[in-house]
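Scroll down for the structure; my scribbles are underneath it.
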Amino acid sequence: MSSNKPSIPKGTRDFGPEEMAKRNYIFNTIKSVYALYGFQQIETPAMETLHTLLGKYGDEGDKLLFKVLNSGDYLKGINDEELRERDVLKLQTQLCEKGLRYDLTVPFARYVVMHREELQLPFKRYQIQPVWRADRPQKGRYREFYQCDADVVGSDSLLNEVELMQIVDTVFTKFGIRVDIMINNRKILAGIAEVIGEADKIVDITVAIDKLEKIGIDNVNEELHNDGLPEEAIAKLQPIIKLQGSNDEKLTVVADFLKSSEIGLKGVEETRFILDTLKNSKLKNEVDLNLTLARGLNYYTGAIFEVKALDTPMGSITGGGRYDNLTGIFGMPGLSGVGISFGADRIYDVLNALDLYPKEATTATQLLFINFGEKETAYCLPMATEARRAGIRTEVYPDKAKMKKQMSYANAKGIAYVALAGDNEIEQGKVTLKNMSTGEQQLVTVGELIKKILG
């Protein structure tokens with residue numbers, strides 16, 4: 001008889017207790033900071049109608065949507081001729097009315113349109129939920145992963161951008177991760193393309209200069225040349241590609257470069273406001289103007305942000321920006337917003353690489369009562385209840401097993417303290433408390449035990 005070993009779909013993962021403790025530490029830290037700034041949590045269904053999802057992510061995105069077969073007789077209403085034709089695109093819309101969400105942005109836009117009458121604008125929401133993409137799984141790329149988004153919609157004020165930068169700074173300070181917070185503005189990038197007379201090449205220019213760190217200036221210039229930019233335009237671009245100095249110095253150079261571009265100067269003005277306001281915020285991490293930052297080319301319209309860890313190699317661990325028309329895809333134009341998304345999976349890897357998880361975040365049980373038999377357990381149970389009431393995570397070993405086995409259990413789970421009660425302890429109304437890391441033992445009352453563990 002062949003054993004059918006269970007498995008999970010490619011590109012998905014199980015998370016054991018230790019991993020869940022670490023993930024919850026990440027999510028809870030991010031949630032607590034979002035709440036400090038008045039953001040409120042929402043959740044949307046794992047499934048959306050395909051009508052909501054299709055056409056929102058381009059052709060490539062449409063292909064990566066997981067479709068959900070209709071319930072019951074899903075072939076009902078489809079004739080043999082249609083099946084023989086194998087027109088997949090046509091068939092999928094007949095066989096599937098629903099799909100798994102691809103990101104949190106489109107469901108959020110749908111939510112805003114559906115609940116517009118109930119929402120108080122500006123609406124500050126955060127959402128931490130899994131998303132699904134039918135992508136080819138590879139290292140660091142999963143078919144199911146979490147996004148941690150926060151957005152403010154219904155306000156054009158740049159104070160929202162300032163707040164989001166403060167949130168980023170606070171979150172990474174709490175994690176103990178040193179980061180570089182990079183900022184740019186799509187209007188500046190549009191202005192640069194306009195000034196060099198290549199407005200239609202904005203995508204090529206930004207994609208090329210975005211690679212500066214990876215491939216160096218000569219290769220960037222060569223790529224621009226291959227993209228059809230004339231030598232004159234490439235020559236004009238050099239001060240922008242080579243830009244260095246403080247944020248103020250960079251802005252002065254950029255403002256001079258863009259003096260003939262109205263949209264470019266608007267971008268400089270917005271960026272200057274954000275950076276000047278942040279100067280008084282006593283941030284723990286640097287905010288840098290970085291003109292090679294060019295994310296979300298078809299999406300963002302104002303400020304754009306990206307965050308990288310300084311002490312371990314890793315791609316972007318947070319990103320975001322200002323967009324003009326979140327809800328236009330659902331026929332409600334003109335609602336501007338700005339948002340950020342923390343990359344929980346990458347932050348998890350960074351915290352692991354730098355060994356920054358606080359011990360209390362990953363240890364579950366703090367105290368274990370050893371089981372010597374019925375009489376002893378009956379004596380210990382009320383004490384365990386008292387310890388739990390004091391907020392100590394407590395277990396009573398359920399079986400009368402060998403002492404060695406119970407101690408091994410405590411060691412394997414990283415339990416800091418073990419309490420033992422035999423005849424001698426019961427007579428005195430106390431327990432022997434053993435510190436598992438130092439081996440030190442003390443005879444204590446339940447009150448003393450609680451004090452000792454809570455420090």
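For this structure, a couple of remarks:
- Filter pass, Thr363 being touching a residue at least 24 places away in the same chain (Cβ under 8 Å) and within 30 Å of Phe175 (Cβ to Cβ): yes
- Criterion applied to Ile215, Ile234 was being open to solvent by less than 30 Å² (accessible area, probe 1.4 Å) and not acidic (Asp, Glu), and the one residue passing it is Ile234.
- Residues within the range 170-197 that are open to solvent by 10 Å² or more (accessible area, probe 1.4 Å) and in a helix (DSSP H, G or I), tallied: 8
- Residues (among the small types (Gly, Ala, Ser) and either touching a Lys or Arg at 6+ places or on another chain (Cβ under 9 Å) or loosely packed, with under 13 Cβ neighbours inside 10 Å (or both)) located in the range 391-409: Gly391, Ser408
- Checking Ser261 against (1) at positive phi; (2) buried (at least 20 other Cβ atoms within 10 Å of the Cβ), the condition it does not meet: (1)
- Within the set Gly331, Gly339, the sole residue that is assigned by the TED database to the domain that holds Asn160 and over 23 Å from Val33 (Cα atoms) turns out to be Gly331.
- Qualifying residue in the range 348-360 (condition: in contact with a Ser or Thr (Cβ under 6 Å, 6 or more places away or on another chain), in the same structural domain as Val254 (by the TED database) and open to solvent by less than 40 Å² (accessible area, probe 1.4 Å)): no
- The criterion of being assigned to a strand (DSSP E or B), open to solvent by 20 Å² or more (accessible area, probe 1.4 Å) and touching a residue at least 60 places away in the same chain (Cβ under 8 Å) does not hold for Asp156.
- Some residue of the range 142-150 being closer than 25 Å to Lys22 by Cα, without any contact (Cβ under 8 Å) to a residue 60 or more places away in the chain, assigned by the TED database to the domain that holds Gln40 and in a strand (DSSP E or B): no
- Counted residues, the range 194-230 - those being charged (D, E, K, R) and under 15 Å from Asn290 (Cβ atoms): 4
- Scanning the range 102-122 for residues that are without any contact (Cβ under 8 Å) to a residue 60 or more places away in the chain and either acidic (Asp, Glu) or under 19 Å from Asp324 (Cβ atoms) (or both) yields Asp103, Glu117, Glu118, Leu119, Leu121, Pro122.
Yes/no matrix, rows are residues, columns are (1) under 31 Å from the mean Cα position of the chain (by Cα); (2) in the same structural domain as Leu326 (by the TED database); (3) open to solvent by less than 30 Å² (accessible area, probe 1.4 Å):
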{"residue": "Asp73", "(1), (2), (3)": "no, yes, no"}
{"residue": "Asn79", "(1), (2), (3)": "no, yes, no"}
{"residue": "Leu83", "(1), (2), (3)": "no, yes, no"}
{"residue": "Arg86", "(1), (2), (3)": "no, yes, no"}
{"residue": "Gly99", "(1), (2), (3)": "yes, yes, yes"}
{"residue": "Leu104", "(1), (2), (3)": "yes, yes, yes"}
{"residue": "Phe108", "(1), (2), (3)": "yes, yes, yes"}
{"residue": "Met114", "(1), (2), (3)": "yes, yes, no"}
{"residue": "Glu117", "(1), (2), (3)": "yes, yes, no"}
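- Subset of the range 253-281 [in contact with a strand residue (DSSP E or B) (Cβ under 7 Å, 6 or more places away or on another chain) and not hydrophobic (A, V, I, L, M, F, W, C)]: Gly267, Glu270, Thr271
- The range 307-358, subset hydroxyl-bearing (Ser, Thr, Tyr) and in a helix (DSSP H, G or I), residue nearest to the chain's Cα centre (by Cα): Tyr348
- Picking from residues in the range 295-307 that are open to solvent by 10 Å² or more (accessible area, probe 1.4 Å) and not hydroxyl-bearing (Ser, Thr, Tyr), the one that is modelled with the highest pLDDT is Glu306.
- Helices (runs of 4 or more DSSP H) fully within the range 217-280 counting 1 or more residues that are in the same structural domain as Ala193 (by the TED database) and in contact (Cβ under 8 Å) with a residue 60 or more places away in the chain: 247-257, 262-279
- Any pair with Cβ under 6 angstrom, 6 or more apart, that starts in the range 204-216 at a residue that is over 20 Å from Met314 (Cα atoms) and hydroxyl-bearing (Ser, Thr, Tyr) and ends at one that is part of a helix (DSSP H, G or I) and modelled with pLDDT of 80 or more: Thr206/Leu189
- Within the range 409-430, the set of residues being closer than 15 Å to Tyr397 by Cα and either without any contact (Cβ under 8 Å) to a residue 24 or more places away in the chain or hydrophobic (A, V, I, L, M, F, W, C) (or both) comprises Ala410, Ala412, Ile415, Ala416, Val418, Ala419, Leu420, Ala421.
The values are calculated or read from the model by the stated rules, or taken from the named source; none is laboratory data. All of these numbers come straight from a predicted model, not from anything done at the bench. Ideal geometry is used to build each Cβ from the backbone, glycine not excepted, and the neighbour counts take in all protein chains shown. The protein model used for the area step is the full one, side chains on, heavy atoms only, and it has no ligands, DNA or RNA in it. Shrake-Rupley method; radii C 1.70, N 1.55, O 1.52, S 1.80 Å.
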